[in-house]
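**Q** One structure, as structure tokens, below. Some questions next.
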Amino acid sequence: MNKKHFHFLLLIIFFSCQEKQEPQFIDIAGESGINFTNQLNYTEELNPYTYRNFYNGGGVAIGDVNNDGLQDIYFTGNLVDNKLYLNKGNWQFEDITVAAGVSCSDIWSTGATFVDVNADGWLDIYVCKSGPPSGENRHNELFINQKDGTFLEKSEEYGLDIEGLSTHAAFFDYDRDGDLDVYILSNSIRPVGVTQDIIKDRRNIPSADNGGNKLLRNDQGTFVDVTIDAGIYTSDIGYGLGITLGDFNEDNWTDIFISNDFFERDYLYINNQNGTFSEEAESYFGSLSMGSMGADGADLDNDGKPEIMVTEMLPATMERKRTKAIFESWDKYSLSASKGYHHQFPRNVLQRNTGNGQFLEVGRLSGVSSSEWSWGTLIFDLNNDGLKDIFISNGIYKDLLDRDYLNYMANAQQIKALIDTSNDAITKLIDIMPSNPVENAAFLNQGDFNFSSSATQLGLGGNTFSNGAAYGDLDNDGDLDLVVNNVNMPSMVFQNNLDTTATNSLKIIPEGSNENPFAVGLKAEVWVGNEYLINYNYPSKGFQSSVEPNLHFGLGQSDLIDSMRVTWPDGSAKTMYGLDLDGAETITIDQNETGSSFNTSKNQKLLKRIALPVAEHKENAFIDFDRERLLPFMYSNEGPAVAIADVNGDGIEDVFLGGGKDIAGQLLIGKANGTFEKTTQSSIEASAISEDIDAQFFDADNDGDLDLYVASGGKAFSSSSSPLNDRLFLNDGDGQFTQEKNALPFLGFFSTGTVSTSDYDQDGDMDLFIGQRFDPFSYGKGGGGYLLENDGKGKFSNATDNTGSALKSLGMITDSEWVDLDQDGDEDLVALGDWEPVRIFYNEGGQLNESVEIPNSRGWWNTVHIKDVNNDGALDIIASNHGLNSFFKKGTKMYRNDFDNNGTFEQIFTSKKNGKDYPVNDRDELIMQMPSLKKQLIYYKDYADKSIEDLFERSVLNESEIFEVDLLETSLFINQGREFKQVSLPAEAQYAPVYAINTADINQDGFEDLVLGGNQFLVKPQFGRYDASKGLVLFGSAEGFSSNNLEFLTIDGQIRDIQKVELNAKRLFLFFTNNGPVEVYEW
Amino acid sequence: MKRNFLILSLFSLLFVACDSGEKSITIPADVYHQSMDKLSDVIVHDIFSPPVASRIYAYPSIAMYEILAQNNAEYKTLSGQLTELESIPTPEEEVSYELAALEAFLILGQKLIFSEDRIESYKTELYTELQTGVNKSYFNASLVYGQQVADHIWAWADKDNYKQTRTYPKFTVTDDPTRWQPTPPGYFEAIEPHWTQIRPFAIDSSTQFVPERPTAFDMNPKSQFYKELMEVYTVGNTLNEEQKEIASFWDCNPYVMNQTGHIMGSTKKITPGGHWIGIIKIACQKTESNPMKSAEAYALTSIALADAFISCWDEKFRSNLIRPETLINEHIDEEWVPLLQTPPFPEYTSGHSVISNAAAVALTSIFGDDFAFDDTTEEKYGLPVRSFTSFVDASEEAAISRLYGGIHYMPAIENGVTQGRALGNYLVNKIELRNESLAQSKD
């Protein structure tokens, strides 16, 4: 028992290969003796209609079953027998299925796992069973290795003869008692879409027929069901398709991620270290994939924290998206979220682990969100460069979601006609269902969560119907080969022909404890130069598959391992230093040998979240999409308006926090004891009906105290509604505010986007710039900016015509700031907007007559902040934008016109492809808004490749207003005199739309640091909400800002403003969220 | 059987032809019925909602009637009787009114649906038969006239606010417990929330026949509302075979979504209005009505249907009442599924109850009480024939079928019947189709 030891085999294999022209991966199945096709022929009785998971396909297991040092392969089949192929070396395999007794004939096999259940040092085989619920040996089977090339089925003896719809099984030691327990993943038989699916708390109800997911504890060789006691859901809505093990909270205890298909959300079980789990997916993840398929967890950025990649079914091309993808409506999505199904979207997700129980979904930024009907993913180093890559298996034999098929072919009339004329109606119906093989996907990791789609280049392309897949080093040459199980075509065995002279690799063959000889759960960390690599030994992964149970590290050019630490499944660790990889080497480690503890102390966080109750912002419920139906996201949640100043002269800063429509703004007085106290402000409360979008404290009437300007906006108003008018409140000197109704000129009914103050004409009083955001009823309708001149007594007049002629027609303005950019002694105006460039209006003697646009800067700008960040004495512009973690890219346009000539303007967003603009909308959305289009788009296939030019007459397009964005990055514009140089902020700043910027030299290094926050949750499901901003600190340096020098905060919500205050001698950042609390960080 | 009959009737059109051809053409009533069937087929294929479908039936039917009535002294024009309808143009040359009526019907039908080629190819085939032996310029002049009238009617139709309402706000879902919300399995948004703003054909306004208020929402088990909710639940759980048959027979849901796992499918059927259009054909054929009388029946009934939808939808989006399925799933039985898929719009009043009763009144005014018939309308959707002693008999069954189907509470049915009948009676009294003196003398 105590004689645990590891056996390390370090392999460096040098080949002196010629430069090869052929691709890196070559399918050698044909020549290798492997001939496995998961042949699936539908019949009247058994087909995708009668059995939901008909096309889910089989899995692959890789492992050395005869302990000859060569990895063997096991395929599972659904209607065909499973096959076990013995690796004879030299890429020759022998089919020993029948002699071994592991064919599982006439039974629908699914997940395959090589695991040493009886801990005798020989891999056994656990096969999950699913399919129609009949037949012999319908239960999962456990084949115990007899060490002579044969196996005996012993599942009943071990208590592993589970009968149901099992997808997969993963063995691991969850309770650290030394032996292997098992999680058995089930895909519920409960029909989907027949009865009410979206019911709250349904996952709490255990499956009546005991058919749900199971956690079984190994008690001296007998597996005992501990599912419910351990806190595992075992309900009828567990549609499990993937089980992914890993340590997701960095405590060295194994956690479980479960992918659920259909409407049920995924589960993340955090190991409580006491034999129970807590399910915490909703707090760890912002967005989940909807119809989650297979998944994998591994470290993609070499920070030691495993990411999670989950596949879904979103097609990769526009044509297939338009004809085969079905998106939920906003109402359905909202209903599901309100009933506890979290935020699920129909796309792959890549969850970046930033530690502290927080994952950020970066799939859209990484370009891995859509890969067709995907079954599983494997994350491993395809090219030994030290960065793990992503492989995804794809394809379904019949396009079950082809929308023309669903709407026009698979209907009752058609079916009835078939039944009338034939006795094989269902097969005939399936015959006409389209069948299109697609490419598998391979994404090569370029660092910083950038990937290049490289399947074809690598030789992994080719159109197939692929399901389970597993990797392993089949020829012991130091790179990983790949085996893929296919439906209705031969399965593929990809030989990796990586030029191993160019890269080194390390393989760890662990020799584990007596109870866990293959050391499942082992963690190995490797430090090579500046690189830190980590791998876990959890063989069950991907889809229905298990990989070689050894650990593989691509090392790039390095041949010296500075240090290596292995952490045993029981949590004990051993560190070694300075391993020179000059040849194959075996190291044996005794567990009793105490390793020196390796210091990986976490970076000290400089911003500390503190619990200081400030206030809460409330947004009114309003659904923009109900009014402007083609818009992809809402714009009605841009508050709260925030202003900070000492309004009562006590030397402590106070806060104005605006409200949504019908919700009054609040004035919070800072107190000496470090708290804020809400005051009664009847005049402010009387204007609660207005939605507060921006606010400024300034001395309007030159009486020495600070008055309050509140900009009104939002969308929940009619086009001519007086609550849209901005308001000026005068301070009585003690912090009581009263609205001065006649102070402001009437500028028209519109939503204001920004207000900023300056004595731009240097006449001794504060004047105002007001920027129009939009017309509440017609997004995109031209707006402008206004200069309001103060008469010195707090009465303002519209001076735009006289002194601000350049401010007219600026479009939709979102933010502005007055600052002396050209250092000529007067304040210039910087203004930016939605679809607009960053504009500077240099103040020349109180005249703003010229607009200077920063070239190529049309963006979806939200906020501007001015600061000298490079210490050159010139003020730089920091501007926040939509970011890159989005389906919207540079070149996105908006065509605005009354396309169908009915008096209402439509806004059609398009994406650019090969110089043409393609509407981003779903066909049904377009038709709903403009029924006449249906004449052209009767079928979904009619829309597949239509650009906007194909849909509308040239004359109609010519009279459209066209908006375009050419920069979506949140950016820094370095002041170089009257020129500005655009610098994109690091990738982490592009994870979500940013709405708030502040600066401070937090680490006291003499460079300003940036504090950013954002998110936009109100997005149509096909585009998916933006929730990957939790607050971010970018530390400044002489080199600027970088991904290596930042700190993630942990704020949940849509951050709309960040303010610095000093309260009770504490330096605080206040983060204001829309429809949420104010979060406070101390520094 | 029916099919054969239609082919025969086409053969009977083959007059002896000469090059110049005759300046006359006789089109049997069945050609109009067949064309109406074609329109129904395309409406089903293109998936139009029930209110929109009623609009598609009405305009072509009115055009057909107006042209035929021009040439028949017994009948009166609808211009001046229908809101904003002005007199149709008169032909400038000698034309066949029957052909022009057919042409106008098909042109308008084609404009109002989406799959234009389906009507086009039907028309091409039909006209090839019809023009045999007919003088070419006469034939063409008839088509030109049909086009003129179609244009006239289209210009009128174009001002009924249909186009504008396409972009009106979507129905907003809130957390108000009494308010309608999308229902499984498709969770489709509410259909046509602004249909009340469509210009009615003959009623004064969409609010002319506002029904009684629905029972006050109250989830107290002792309340009247709760009792009515439980009635839907218990009746739904204890349906006998005939009740099930009745519910399915009158389902008339143009788009039923079927899902099994990843596979989805759809069942498409004629709309409630489409069902009554089918009944018109049955009545006409049974009475061997000529094209004129058939056109009369189509025009009056389709107007009744269209106005009934406007009136009913006005109420639906006034009361915005939640469907029984939603409440039963939430409060009583989360697995309960109604026999019929709940259609996507508020509950009160029952559309089928309102429009069926309005249609039945209209048809009774033409074909009389106690008009027994076998309803074969749903045969092509795989449903059996049902027999009725009168139109009212059928309309009452259509109404109660919604309780059996599990999609309506009783008041929506009872008050819907009242609403539909009142509207129907108003229409048949208001609209004068016949010159009474002439009609009586000739009958």
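**Q** For the ranges B:239-246, A:209-216, A:193-200, A:240-247, what's the packing order if you count other beta-carbon atoms within 10 Å of each residue, average per peptide, and put the highest first?
**A** Order by mean packing, descending: A:240-247, A:209-216, A:193-200, B:239-246.
**Q** Taking Rh as the Kirkwood radius computed over C-alpha pairs, what is the Stokes-Einstein D of region B:199-442 at 4 °C in a medium of viscosity 1.567 mPa s, expressed in µm² per second?
**A** The diffusion coefficient I find is 69 µm²/s.
**Q** Another question about this same structure. May I ask for the angle, rounded to the nearest 10°, between helix B:116-130 and the longest principal axis of chain B, with both axes built from Cα atoms and the value confined to 0 to 90°?
**A** Relative to chain B, helix B:116-130 is tipped by roughly 30 degrees.
**Q** Please compute P(r) over all alpha-carbon pairs of region A:208-288, binned at 10 Å starting from zero, and give each bin as a whole-number percent.
**A** In whole percents, the pair-distance histogram is 18, 50, 29, 4, 0.
**Q** Per residue of chain A, what 222 nm ellipticity follows from adding -39500 (n - 2.57) for every DSSP H run with n ≥ 4, rounded to the nearest 500?
**A** Per the formula, -1500 deg cm²/dmol.
**Q** Which peptide among B:352-360, A:1045-1053 comes first, and what is the full order, when sorted by highest mean count of other Cβ atoms within 10 Å?
**A** B:352-360, A:1045-1053
**Q** Calculate, in whole percent, how much of the Cα-Cα pair population of region A:156-303 lies beyond 27 Å.
**A** That fraction is 19 percent.
**Q** Give the relative contact order (percent, whole number) for region B:25-160; include only Cα pairs under 8 Å separated by 6+ residues.
**A** 34 percent
**Q** Right, another one. Students often get this wrong, so check it: of B:38/B:170; A:428/B:268; A:889/A:946, which have C-alpha atoms separated by over 21 Å?
**A** In this structure, B:38/B:170 lie more than 21 Å apart at Cα.
**Q** Let me ask you something else. Using only atoms on other chains, find how many Cβ atoms lie within 10 Å of each Cβ of peptide A:922-932 and report the average.
**A** 2
**Q** If one computes P(r) from the Cα atoms of region A:37-131, what percent of pairs lie at distances over 17 Å?
**A** 52 percent
**Q** Summarise the partner chain shielding of A:50-59 as one whole number: the mean count of Cβ atoms from other chains within 10 Å of each residue's Cβ.
**A** So the per-residue partner count for this stretch is 2.
**Q** Hey, another quick one. Just to be sure I understand: if I project the alpha-carbon convex hull of region A:470-514 onto a plane and average over all orientations, what area do I get in nm²?
**A** 4.7 nm²
**Q** Another question, if that's okay. Kindly express, to the nearest 10 degrees and within the range 0 to 90, the angle between helix B:29-46's C-alpha long axis and the longest C-alpha principal axis of chain B.
**A** Relative to chain B, helix B:29-46 is tipped by roughly 40 degrees.
**Q** Taking the simple approach of a point 7 Å from Cα along Cα-to-Cβ for both residue B:121 and residue A:572, what is their distance in nm?
**A** 7.9 nm
**Q** Separate question: Summarise the partner chain shielding of B:77-88 as one whole number: the mean count of Cβ atoms from other chains within 10 Å of each residue's Cβ.
**A** Taking the mean over all residues of the peptide, I get 0.
**Q** How tilted is helix A:412-421 with respect to the longest principal axis of chain A? Cα atoms for both, answer in degrees (0 to 90, nearest 10).
**A** Value to nearest ten degrees: 30.
**Q** Further question: Cα convex hull of chain B: mean projected area in nm², to one decimal?
**A** 21.9 nm²
**Q** Check residue A:491: other-chain or 5+ apart residues with amide H under 5 Å from its amide H, H built from backbone geometry?
**A** A:36, A:37, A:38, A:486
**Q** Still on this structure, please answer the following. If you split all Cα-Cα distances of region B:350-443 into 5 Å bins from zero, what percentages do you get per bin, shortest first?
**A** 3, 14, 18, 20, 19, 13, 7, 4, 2, 1
**Q** Express in nm, to one decimal, how much length is gained between residue A:339 and residue A:678 on full extension, taking 0.36 nm for each residue of separation and deducting their alpha carbon distance.
**A** 118.6 nm
**Q** Where does the Debye-calculated log10 I(q)/I(0) of region B:25-160 sit at q = 0.10, 0.16, 0.22 Å⁻¹, using only Cα point scatterers of equal weight, no solvent?
**A** Scattering profile of region B:25-160, log10 relative to I(0): -0.31, -0.80, -1.44.
**Q** Moving on to the next point. Within 10 Å, count the other beta carbons around each residue, average over each peptide in A:180-187, A:555-562, A:824-831, and list them highest first.
**A** So the order, starting with the most tightly packed, is A:180-187, A:824-831, A:555-562.
**Q** Whole angstrom only: what separates the Cα centroid of region A:855-895 from the Cα centroid of region B:213-238?
**A** Comparing the Cα centres of region A:855-895 and region B:213-238, I get a distance of 57 Å.
**Q** Still on this structure, I have one more. Please report the equivalent ellipsoid semi-axes of region B:276-357, computed as sqrt(5 x eigenvalue) of the Cα gyration tensor, largest first, in whole Å.
**A** They are 36, 16, 6 Å, listed from largest to smallest.
**Q** Run through all the Cα pairs of the protein assembly as shown and give the fraction in each 10 Å bin from 0, expressed as whole percent.
**A** Binned Cα distances yield the sequence 1, 7, 14, 17, 17, 16, 13, 9, 4, 1, 0, 0.
**Q** Taking Cα pairs under 8 Å and at least six residues apart, what relative contact order does region B:199-442 come out at, in percent?
**A** Result for region B:199-442 is 28 percent.
Each value in this text was obtained by applying a stated rule to the coordinates, not by laboratory testing. Everything numeric here is computed off the predicted structure, so don't read it as measured data. In this analysis, Cβ positions are derived from the backbone assuming ideal geometry, glycine residues included, and neighbour counts consider all displayed protein chains.
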